[in-house]
Amino acid sequence: MPARIAPSILSADFVNLERDLAAIASADLAHVDVMDNHFVPNLTLGLPIFERIAQVSPVPIDAHLMIEDPDRWAPAFAEAGAASVTFHAEAATAPVRLARELRGRGVRAGLALRPATPVEPYLDLLPEFDMILVMTVEPGFGGQSFIEGTLPKIRRTREAVGASGQDVWIQVDGGVSRATIERAADAGADVFVAGSAVYGAENIPEEIAALRELAAAHVH
């Protein structure tokens, strides 16, 4: 399976978002973090800005909702132009119902887990989701260090996906760089969110290509 690179615009220049989106045209997805200052202690952007980002992005938008009450708000991000909408297991009241609603609106449905949230309660429900996001840092801020203790959870998720026969992507988000991407891929991830590693590079397309090549050699 391919290794997909999804640069996080959390590390972009918010005054020059269109320019910085154009810079990642060689990526597979643009990862857009939506934070509400309630579920996580940070505030990023809401629907009007998200909708404009989706309109000008050269690649599909991967929305990561770090918000309270995704059951209410997530469908609006599907309507606003996301290709994939990921919500947190810890915040959703009815995750399967919400995933079905998102799929019904023509977008991929993703389920995100904080580092300390076990994946086991959701493994029997894998057919309901298109992607599982294993957070490899505590959500809320960019530039954090990769948490090695999340690797066993990624492995268990990969084993369960393989046993299910489902085409479920496994995404990692947090501290992904040339130094960590191979271990994450070897554990079973196939979609890699990289913020500061991409936007802090001197040559962004070269960095995306390098990350993809490193991951591709280890993706299962």
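The values are calculated or read from the model by the stated rules, or taken from the named source; none is laboratory data. The structure displayed is predicted, hence computed values, not measured ones. FYI the Cβ positions are ideal-geometry reconstructions off the backbone, even for glycines, and counts take in every protein chain you see.
Summary table below
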{"item": "Selection from the stretch 3-40 of residues that are assigned to a loop (DSSP other than H, G, I, E, B), in contact (Cβ under 8 Å) with a residue 24 or more places away in the chain and not charged (D, E, K, R)", "result": "A3, A12, A23, I24, A25, S26, A27, L29, H38, F39, V40"}
{"item": "Residues satisfying the stated conditions in the stretch 127-169, i.e. assigned to a loop (DSSP other than H, G, I, E, B) and among the aromatic types (F, W, Y)", "result": "F129, F141, F146"}
{"item": "Filter result (surrounded by 14 or more Cβ atoms within 10 Å (Cβ to Cβ), among the small types (G, A, S) and either farther than 19 Å from A189 by Cα or touching a helix residue (DSSP H, G or I) at 6+ places or on another chain (Cβ under 7 Å) (or both)) within the stretch 102-132", "result": "A109"}
{"item": "Odd one out for K153, checked against (1) among the charged types (D, E, K, R); (2) farther than 21 Å from A3 by Cβ; (3) crowded, with 18+ Cβ neighbours inside 10 Å", "result": "(2)"}
{"item": "Condition check for V172: among the hydrophobic types (A, V, I, L, M, F, W, C), part of a loop (DSSP other than H, G, I, E, B) and surrounded by 15 or more Cβ atoms within 10 Å (Cβ to Cβ)", "result": "no"}
{"item": "Residues of the stretch 78-99 satisfying the condition of being free of Cβ contacts under 8 Å to residues at least 60 places away in the same chain and within 21 Å of F141 (Cβ to Cβ)", "result": "F87, H88, A89, E90, A91"}
{"item": "2 or more residues over 30 Å from N16 (Cβ atoms) and modelled with pLDDT of 95 or more: qualifying helices (runs of 4 or more DSSP H) within the stretch 42-117", "result": "70-79, 95-104"}
{"item": "Matching entry among A54, A92 (being of a type in the set (G, A, S) and in contact with a Leu (Cβ under 7 Å, 6 or more places away or on another chain))", "result": "A92"}
{"item": "Search result, residues across the stretch 71-101 that are under 20 Å from D36 (Cα atoms), over 14 Å from the mean Cα position of the chain (by Cα) and crowded, with 17+ Cβ neighbours inside 10 Å", "result": "W73, A74, P75, F77, A78, A80, G81, A91, A92, P95, L98"}
{"item": "Leading residue by the ranking (nearest to the chain's Cα centre (by Cα)) among those in the stretch 18-38 that are surrounded by fewer than 19 Cβ atoms within 10 Å (Cβ to Cβ) and at pLDDT below 95", "result": "D36"}
{"item": "Contacts under 9 angstrom Cβ, first residue in the stretch 179-200 being closer than 12 Å to D28 by Cβ, partner surrounded by fewer than 22 Cβ atoms within 10 Å (Cβ to Cβ) and basic (K, R), 6 or more apart", "result": "D190/R4; D190/R158; V191/R4; F192/R4; F192/R212"}
